[in-house]
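The values are calculated or read from the model by the stated rules, or taken from the named source; none is laboratory data. The shown structure was predicted, so the numbers you read here are calculated from the model rather than taken from an experiment. With ideal geometry, Cβ positions are generated from the backbone for all residues, glycine too; neighbour counts draw on all protein chains shown.
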Amino acid sequence: MATAVPSFAPDSSRAWVVVFAAFLVSFVTFGVTYSFGVFLKPLEAEFHARHLFITGIVLLACARLLLPCASDRKNRRPLWPAASDRHGRIANGCGLILTARVQFFPLMFLTYGLGVGAAVACTYIPVIAAVGQWFRVRRAMAIGISISGIGCGTLVAAPLSADLIERYGWRTAYEVFGWTSAAILLLCAALLFRPPEVTGRKGPDIMTVLRTRAFFFLYASLLFARIAMYVSMVYLPAYSADIGIGRVAGAALVGYIGGSSIGGRLGFNALASRLGLLRMYQAAYAILLASFVLWLIAGSYVSLLGFTLVMGIGYGGLAAMYAPVTASIFGVEELGELLGILFTGFGLGSLIGPPLAAALVDYTRDYKYPVIIATIAAAIAFLLVFPLRRYAMVHIKQSAAADTRNYAGYQR
């Protein structure tokens, strides 16, 4: 007769409570951030600001990801995620509420750029790292479910933003988001439990990991993929409006990316157990590139809808698998710090893609240039991800053997 897994052990019932909390954190933080493109034209109309300055707000918010997750250097593990989440939920709620009251445009760089950006940096990374540490057998599935909150949040927040703006204005929309997100993140803080200590193997030194070619290709491919995704999230509503699509319908396209990404997150993780984690991770980049090729030739709402559905699948697949891929290659001992460092690539992506697209749009008044930039970035990411398998296999075999020994020790 099988012995029940203790509640404090990996893959236990408490671990799934942490997954639920991580899902809500992903839902709130990225649902709000990825809906920024819906606010682009209302902000331009009210403040008469150039695209470069408006996108600079979300650029600053995403650039907060350049600050890796804080870690306990002495004990070589991420700091307890609830501490980061506490500061993050305060920053998120206050940032959005203060943004709704801004009368002088440059203040938005502080209220939204720093406030909301701090929420993403301080909540998402530690919580996803905690999920990775709570699981051994079902880690990929657990992380996939956790970050599917990003897709659900985008699916809900983008069209809801457009509807609230149409009815009450952009200020009320941010006010509603501010109070609601603060309440949800407060609930999440109560549901986060300290992950169990990892025993049986000391992980490689973090600087040793950073010098490996496997980490270089993992980081670089994520960087260019994020350039493509950030540009599309910010400029898809404006591009839609430019070809005559209504505000709510254009915002719904961003929501469809989030909706289809849920299928990508869950579907790719399910196939990874049969076809291989790295193989499916590379397939996600191929699908992402194919989606931007579709956007290049799109000229109607139906064709844009096809782009969003395909992009969501590819984006969801790579978003779901980059954390399990990192854990499978390098282990979970340094997972929090490694994910924090990988997230700096997301911040760099925001520093490169949207400002370049904004400068070209300001100069040419042509929204085709963001599409071209995103397609080039997706192609580079696709080329960079393929050498990863060549350098990663030895690390994967070592980590898998160690994880099996650790899980057997918990069962005893």
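Residues of the stretch 278-301 being among the hydroxyl-bearing types (Ser, Thr, Tyr) and either at positive phi or within 22 Å of the chain's Cα centre (by Cα) (or both), which ones?
Taking the stretch 278-301 first, the residues among the hydroxyl-bearing types (Ser, Thr, Tyr) are 281, 285, 291, 300-301.
Matches in the stretch 278-301: Tyr281, Tyr285, Ser291.
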Worksheet item: Would you call Val361 in a helix (DSSP H, G or I), closer than 24 Å to Leu40 by Cα and not polar (S, T, N, Q)?
Response: yes
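May I ask you to verify whether Tyr112 is of a type outside the set (D, E, K, R), assigned to a helix (DSSP H, G or I), farther than 23 Å from Leu191 by Cβ and in contact (Cβ under 8 Å) with a residue 40 or more places away in the chain? Lay out the reasoning, then the answer.
On the way: of a type outside the set (D, E, K, R): yes; assigned to a helix (DSSP H, G or I): yes; farther than 23 Å from Leu191 by Cβ: yes; in contact (Cβ under 8 Å) with a residue 40 or more places away in the chain: yes.
Taking the combined requirement at face value, the residue satisfies it.
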Fill in: Every pair of residues 6+ apart whose Cβ atoms lie under 6 Å, when the first sits in the stretch 233-258 and is basic (Lys, Arg) while the second is modelled with pLDDT of 80 or more
Arg247/Ala162
Worksheet item: If we scan the stretch 337-358, do we find a residue that is among the small types (Gly, Ala, Ser), surrounded by fewer than 24 Cβ atoms within 10 Å (Cβ to Cβ), in contact with a Phe, Trp or Tyr (Cβ under 8 Å, 6 or more places away or on another chain) and part of a helix (DSSP H, G or I)?
Response: yes
Worksheet item: In the stretch 360-388, what residues are of a type outside the set (Ser, Thr, Tyr), modelled with pLDDT under 90, out of contact with any His (no Cβ under 8 Å at 6 or more places or on another chain) and surrounded by fewer than 17 Cβ atoms within 10 Å (Cβ to Cβ)?
Response: Arg365, Asp366, Lys368, Phe386, Pro387
Item to complete: Considering only the stretch 230-269, state which residues are among the hydrophobic types (A, V, I, L, M, F, W, C) and under 13 Å from Ile313 (Cβ atoms).
Response: Ile257, Ile262, Leu266, Phe268
Worksheet entry | Yes/no for Tyr230 being at pLDDT below 90, buried (at least 24 other Cβ atoms within 10 Å of the Cβ) and on the phi < 0 side of the Ramachandran plot | yes
Discussion item. Please count how many residues of the stretch 294-336 are assigned to a loop (DSSP other than H, G, I, E, B) and either in contact with a helix residue (DSSP H, G or I) (Cβ under 6 Å, 6 or more places away or on another chain) or within 22 Å of Ser232 (Cβ to Cβ) (or both).
Written reply: 7
Item to complete: Evaluate the stretch 244-267: report whether one residue or more is in a helix (DSSP H, G or I), under 28 Å from Met311 (Cα atoms), at pLDDT below 80 and of a type in the set (Ser, Thr, Tyr).
Response: no
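Do we have any residue at all in the stretch 306-324 that's over 20 Å from the mean Cα position of the chain (by Cα) and within 21 Å of Gly264 (Cβ to Cβ)? So that I can check it myself, show each step before the final result.
To start, the set of residues in the stretch 306-324 that are over 20 Å from the mean Cα position of the chain (by Cα) comprises 306.
Subsequent filtering for residues that are within 21 Å of Gly264 (Cβ to Cβ) retains 306.
There is at least one residue in the stretch 306-324 that is over 20 Å from the mean Cα position of the chain (by Cα) and within 21 Å of Gly264 (Cβ to Cβ).
Look at Ile125 and say whether it is at pLDDT 75 or above and surrounded by 24 or more Cβ atoms within 10 Å (Cβ to Cβ). Quick ask: steps written out before the conclusion?
Details: at pLDDT 75 or above: no; surrounded by 24 or more Cβ atoms within 10 Å (Cβ to Cβ): yes.
When the stated conditions are applied, Ile125 does not pass them.
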